[in-house]
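Chemist: Here you go, one structure.
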Amino acid sequence: MKIIIDNIECEAQKDETLLQIARRNDIHIPTLCHNDALPGLGSCRLCVVEIVDKGRRSVVASCIYPVRNEIEVYTCSDKIKNIRRNLLMLLRGRVPNDETIKKLCKEYLVPDRIKFSGDKDEHCILCGLCVKACQELGASAISTVNRGITKKVTTPYDEPSAQCIGCGSCAYVCPTDAIKIEEKDGIRNIWNKEFQLLRCTRCGKPFATKEQLEYNREKLGEAHVKLLCESCKKAIIAEKLKDIYEKV
Amino acid sequence: MMSRTVYVCCGTGCLANNSMDVYKQLKKLAQKYEADVEVKTIVKATGCNGLCEKGPLVKIQPDNICYSKVKPDDAEEIVKRTLMNGEIIDRLLIYDTALKRRVISHKDTDFYKCQMKIALRNIGEIDPANIDEYMERGGYKALRKALFQMTPQDVISEIERSGLRGRGGGGFPTGVKWRQCSKFQNFPKYVICNGDEGDPGAFMDRSIMEGDPNTVIEGMTICAYSINSNRGFIYIRDEYSLALNNMNNALNQARERGLLGKNILNSGFDFDIEIVRGGGAFVCGESTALMQSIEGNVGEPRAKYIRSVEKGLWGQPTVLNNVETWANIPEIIMKGSDWFCSIGTENSKGTKVFSLVGKVKNTGLVEIPMGTTLRELVYKIGGGIIGDKKFKAVQTGGPSGGCIAEDLLDLPVDFDSLKEAGSMMGSGGIIVMDERTCMIDVARYYLSFLSEESCGKCVACREGIKRMLEILTDICDGKGIEEDLELLESLCHTVEEASLCGLGKTAPNPVLTTLKHFRNEYYAHIIEKRCPAGVCPELTAYEIDKKLCKSCGLCAKNCPASAILGKRGEAYSINTQLCIKCGNCIDSCRFNAVKVKKEVGK
C-alpha cells in the first residue's frame, strides 16, 4: 500500500512501523529510545507524528505505530514541533547537563533558561533501552524499579547482581551515556560489580569479562567463542579474505 | 408459622462499624429466644446496601423495616420487640433529611427512591456466600438461556442492540468489542474481568464483587460462550480481601454446581476462571498494564494501536470488561435489549453505579439511570451539602476526571455529556465539594496522586505530571507568577497528546477543568496572593466577624494552636502569629462568624 509522509508518497507493507517507512525514504524523525535491534519501546515520545486516518487526526508514536491503512502523515507540523519542544524541555529538566539532550534542545528551539531544574549529575532519561538489551541478551540483570517519579533503572535491591555478566550492552545502547563503565588495571566495574577482564590472545588488550565468555560459550558452543577482541576478529577475517583473493 | 428474615449489611463500610458483631449478636439472640415464640428467624449477612453513611444497616422482612446505625447492644431490643412482636423501634429508623422525619423502610428515603438497580440488583438482598440465594433470584438463568436457546452470534447481537457501553470509564460499546473479538480465529482466547478499582473514593466494583460475585461469573461465562473462549481471569486488587474471599468462594460453588469448568450444564462448553491478585498499582487498572501484570511482568501499558481484542493477553484475542459491565450482562440476556434500551439517554443506555462521596449528607453507593442530572444526584440522592454550605464543584471520573462547576449542575450524567464538559465518566467516583475547597489544591492533590501512580515509562506522563505538580505547588505556596499559567496549559496539551496510555492522556484533566471553570481562583492565588477558600496556608488568614460572633467559644475549643482568645460575652479574636491555618475554627463555627480574610496582608 501507499502512504503519504510530508506530502511524499511512500511504499509501505502492512504492520511496518511509520518510523521504518520514514527512514527508508530519508525523512528525518528524531528518536532517543529507538534502536533497530531492540524496537518497540515507545517511551521517549520524541518520534510523535500527526496522522490522518479516514479523516481522523491523531498524534501517534511513529516507532511503534503499525501501518494498516493508507494514511497521511505529518512529521513536523507546528503541533508536533511544539510537543517535541515541551518533551525536550522536560528531559532537560531531568538531565540538565546531558549533551545529547542539549543538542536536541537547540534543534527544537527550547529556550536556554527553563523553569525546571534537576540533578546536575543525572544522565539517565529512563528510556528503558538498557533494560531491554539486558533482557534480550538473556542476563536480565537490570530492571526498572518503582513507578512514577521514583522510577529508576537498577539491579535488584541496588546490590551487585549475580546475573550480570559485565558485557556492557546496557551502556552500549544508552542514548545519553548514562551508564558508567570503569576499566582500570584489567578490572571492569559496572553496576557496582567488579569483573576480571580477559586479554585478547592476539593483541593482548583486555577486552571482555570472564563471565561474558562463559555465557557465550554456553549459548553458542565452545567452537564459536575465541579469545579475540573486536578489532583482532576483524583483522583476522580481513587476512583470510586477502588470502582467498590472492589465491584466486 | 410466621417467619422473619433479618438482613445485616456486611459491606465494607458497615463492617468497619462493627456490623459483624451486630450480625453475630442477632444470630445468637434469635436462636436463644426462638424456642419461646412462634417466629422463625433467619439472620443473613449481605453485601453493601449503599447508604454507608447510616450503617450498619439491618433490614427486616417481610415487615419492610430498616434500622440504621445499629450497635451490638441494640440486638436484644430488636429481637424482643421487632422480631418477636413486630414492633417498630423508632429511634433506630433512618432520619430522612429531606422529609425531616424518620422513615420505616429505607425505600421511602430520597436516597433510594431515585435509584434504579440493575447491576446492584442483588446486593443487600442476598447472602453473597451462598450461590443458592443468587439462583433463587433468577441467577444463572441467563447462562442457561444463552447456552441452550441462543447461538454465540445471538448473544453478541443482543448485547450490541442493548447499547451497553463499558462501565470502566472508556465507554466503548461492549457488544462491538465482543463482535470484533469473535471474528479472530486465533485460539486460545481470554476473558478478563477488571476488578482493579483504584480511584480514590471509589468502591463500586468492590461492592459488586463482595455483595454479588456470581453475577460477574455469569456475565463472563456468557461472554466466553459468545467468543469461544475457555479461560478467564478476574483481576482483583489485593487490598480487597473480602472481595477476593467472596469471589473465590463463589467460583468454587459454581464449579460444584457444574456452572463453571468442563462441560458446563452438559452443554459441551468448557470455561473456567482464575483469580489474579493485583499488587496495588493504580496503573494496573489500565487494560494493557493489567494484562502485563497477569503475565507476570511489570505493570506498564503498551500502545493500543492494535487492540486487545486482536492481541491481548499473551498476544491472544482478549475481551476485557469492568466488574460493573459484567454485572449488567445477565440482566440484558434475561430481559432483552429492548428493555435495557428503554433506560437511559440516546447514546448511553441503562444505569450507572456511582460512589457518592465528599461533602454531601448521604454518602454511599448509588445506581441511577443514565441522564439523571448532577443536581438530582447531589441534592436529592445526596441530600444536599453538609451543614448547608455553598456547593462549589463535583469531581467525576477519579483522578483523571475533571471538576464541574455549579453552572453545569443540570447536566444530565452520561458518557458524552461529561466528556463535553471536560470531565469523564470514569469508573464512577463522584466527589462533591463545597465552598471550603480550594480548586488548585484539588488539582494539586490529583496530580500528586498521579505522579506517584504513573508507571513512569513515558516521558510525557512521568516528567510532565511531575513538573505540572511543581507549578501547582508553587501557586499554592504563593510563589506563582502569571507566566506559569501559560506554561501549565502548554504542558497539559503535550501530556494529553504525547502520553502513551490513557492514564497520561487524561492526567491533565483536573488542571484543565479547574483552569476552565475556576480560572479566577488561579488569579486570586497568583496576583492577589490569597486563597479564596482559605485552604492554602501561605495565602490564608482568618478573622472573626465581631457582629456575628456569639462568643460561644467553640472555635477556641477546637483550635489546636490555642490561637483564638476571648472572654464570654465578648467577641473572640484570632492571633495570626499563632494561627496554623487549619480551618477548624471556620468549620466549627455555627454562626458563620469566622471568615477568610479578603486581604492576606503580604
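Chemist: Just give me the residues in segment A:187-201 being under 18 Å from A:CYS232 (Cα atoms) and without any contact (Cβ under 8 Å) to a residue 24 or more places away in the chain, in sequence order. Lay out the reasoning, then the answer.
Modeler: At the first step, the residues of segment A:187-201 found to be under 18 Å from A:CYS232 (Cα atoms) are A:197-201.
Passing the criteria: only A:LEU197.
A quick yes/no check of all residues on (1) closer than 24 Å to B:ARG206 by Cβ; (2) crowded, with 22+ Cβ neighbours inside 10 Å; (3) free of Cβ contacts under 8 Å to residues at least 40 places away in the same chain:
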| residue | (1), (2), (3) |
| --- | --- |
| B:GLY285 | yes, yes, no |
| B:ALA289 | yes, yes, no |
| B:LEU313 | yes, yes, no |
| B:ILE329 | yes, yes, no |
| B:TRP339 | no, no, yes |
| B:LYS352 | yes, yes, no |
| B:GLY358 | yes, no, no |
| B:THR363 | yes, yes, no |
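Chemist: Of (1) within 14 Å of chain B (Cβ to nearest Cβ); (2) surrounded by fewer than 19 Cβ atoms within 10 Å (Cβ to Cβ); (3) touching a residue at least 60 places away in the same chain (Cβ under 8 Å), A:ASP177 satisfies all except one. Which?
Modeler: A:ASP177 satisfies every listed condition except (1).
Chemist: Name the residues in segment A:142-166 that are of a type in the set (Val, Ile, Thr) and more than 12 Å from A:LEU126 (Cα to Cα), would you? Even if it seems obvious, please write down each step before you answer.
Modeler: At the first step, the residues of segment A:142-166 found to be of a type in the set (Val, Ile, Thr) are A:142, A:144-145, A:149-150, A:153-155, A:165.
Within segment A:142-166, A:ILE142, A:THR155, A:ILE165 meet the criteria.
So that you can scan it fast, the table gives a plain yes or no per residue for (1) within 8 Å of chain A (Cβ to nearest Cβ); (2) in a helix (DSSP H, G or I):
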residue	(1), (2)
B:MET433	no, no
B:ASP441	no, yes
B:ARG444	no, yes
B:SER448	no, yes
B:SER451	yes, yes
B:ARG462	yes, yes
B:MET468	no, yes
B:ASP474	no, yes
B:LEU485	no, yes
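Chemist: Next question. If we scan segment A:184-206, do we find a residue that is farther than 24 Å from A:PRO39 by Cα, among the charged types (D, E, K, R), under 22 Å from the mean Cα position of the chain (by Cα) and outside any helix (DSSP H, G or I)?
Modeler: yes
Chemist: Looking at A:CYS127 and the list (1) in a loop (DSSP other than H, G, I, E, B); (2) more than 12 Å from every other protein chain (Cβ to nearest Cβ), which single condition is not satisfied?
Modeler: In the conditions (1) in a loop (DSSP other than H, G, I, E, B); (2) more than 12 Å from every other protein chain (Cβ to nearest Cβ), A:CYS127 misses (2) alone.
Chemist: Scan segment B:291-311 residue by residue and report those that are touching a residue at least 12 places away in the same chain (Cβ under 8 Å) and not aliphatic (A, V, I, L, M).
Modeler: Hits for segment B:291-311 are B:SER293, B:GLU295, B:GLY299, B:GLU300, B:PRO301, B:ARG302, B:LYS304, B:ARG307, B:SER308, B:GLU310.
Chemist: Can I ask one more? Check off (1) of a type outside the set (D, E, K, R); (2) over 25 Å from the mean Cα position of the chain (by Cα); (3) more than 14 Å from chain A (Cβ to nearest Cβ) for B:VAL276 and give me the number that stays unchecked.
Modeler: Going through (1) of a type outside the set (D, E, K, R); (2) over 25 Å from the mean Cα position of the chain (by Cα); (3) more than 14 Å from chain A (Cβ to nearest Cβ) one by one, B:VAL276 breaks only (2).
Chemist: I'd like the full set of residues that are charged (D, E, K, R) and crowded, with 21+ Cβ neighbours inside 10 Å, limited to segment B:128-167.
Modeler: Going through segment B:128-167, the residues charged (D, E, K, R) turn out to be B:132-133, B:136-137, B:141, B:144-145, B:154, B:158, B:160-161, B:165, B:167.
Scanning segment B:128-167 gives B:GLU158, B:ARG165, B:ARG167.
Chemist: In addition: Go through segment A:138-174 and give me each residue that's away from chain B (no Cβ under 12 Å), of a type outside the set (Gly, Ala, Ser), surrounded by fewer than 18 Cβ atoms within 10 Å (Cβ to Cβ) and in a helix (DSSP H, G or I).
Modeler: Listed by number, the residues that qualify are A:PRO156, A:TYR157, A:ASP158, A:TYR172.
Chemist: Restricting to segment B:487-505, count the residues that are among the small types (Gly, Ala, Ser) and more than 7 Å from every other protein chain (Cβ to nearest Cβ). Quick ask: steps written out before the conclusion?
Modeler: Residues of segment B:487-505 among the small types (Gly, Ala, Ser): B:490, B:498-499, B:502, B:504.
Now restrict to residues that are more than 7 Å from every other protein chain (Cβ to nearest Cβ): B:499, B:502, B:504.
Number of matching residues: 3.
Chemist: Residues to consider are A:LEU90, A:LEU41; find the one that is under 27 Å from A:LYS132 (Cβ atoms), at the interface with chain B (Cβ under 9 Å from one of its Cβ atoms), modelled with pLDDT under 95 and crowded, with 20+ Cβ neighbours inside 10 Å. Give the derivation first.
Modeler: Details: A:LEU90 fails: modelled with pLDDT under 95.
Unique residue meeting the criteria: A:LEU41.
Chemist: Within segment B:441-461, how many residues are under 21 Å from B:ASN584 (Cβ atoms) and aliphatic (A, V, I, L, M)?
Modeler: Going through segment B:441-461 one residue at a time, the tally reaches 1.
Chemist: Still on this model: Looking at A:LYS103, A:LYS132, which is the one that is touching a Leu at 6+ places or on another chain (Cβ under 6 Å) and part of a helix (DSSP H, G or I)?
Modeler: Numbers: A:LYS103 fails: touching a Leu at 6+ places or on another chain (Cβ under 6 Å).
Checking each option against the conditions leaves just A:LYS132.
Chemist: Scan segment B:204-220 residue by residue and report those that are in contact with a Leu (Cβ under 9 Å, 6 or more places away or on another chain) and either closer than 13 Å to B:LEU251 by Cβ or surrounded by fewer than 24 Cβ atoms within 10 Å (Cβ to Cβ) (or both).
Modeler: B:MET209, B:PRO213, B:ASN214, B:ILE217, B:GLU218
Chemist: Considering (1) out of contact with any Phe, Trp or Tyr (no Cβ under 6 Å at 6 or more places or on another chain); (2) without any contact (Cβ under 8 Å) to a residue 60 or more places away in the chain, say which one B:HIS106 fails and leave the rest.
Modeler: Here B:HIS106 clears every test but (1).
Chemist: Can you tell me which of (1) within 14 Å of another protein chain (Cβ to nearest Cβ); (2) assigned to a loop (DSSP other than H, G, I, E, B) is the one B:GLY478 doesn't meet?
Modeler: Status for B:GLY478: all satisfied but (1).
Chemist: Sticking with this structure for a sec: Could you tell me which of the residues B:THR494, B:THR513 is outside the structural domain of B:VAL298 (by TED's automatic domain parsing) and either over 28 Å from A:LYS81 (Cβ atoms) or touching a residue at least 60 places away in the same chain (Cβ under 8 Å) (or both)? Even if it seems obvious, please write down each step before you answer.
Modeler: Values: B:THR494 fails: either over 28 Å from A:LYS81 (Cβ atoms) or touching a residue at least 60 places away in the same chain (Cβ under 8 Å) (or both).
Unique residue meeting the criteria: B:THR513.
The values are calculated or read from the model by the stated rules, or taken from the named source; none is laboratory data. The model shown is predicted, which means the values in this text are computed figures rather than measured ones. When we count neighbours, we look across all protein chains shown, and the Cβ atoms used for this are built from the backbone with ideal geometry, even at glycine.
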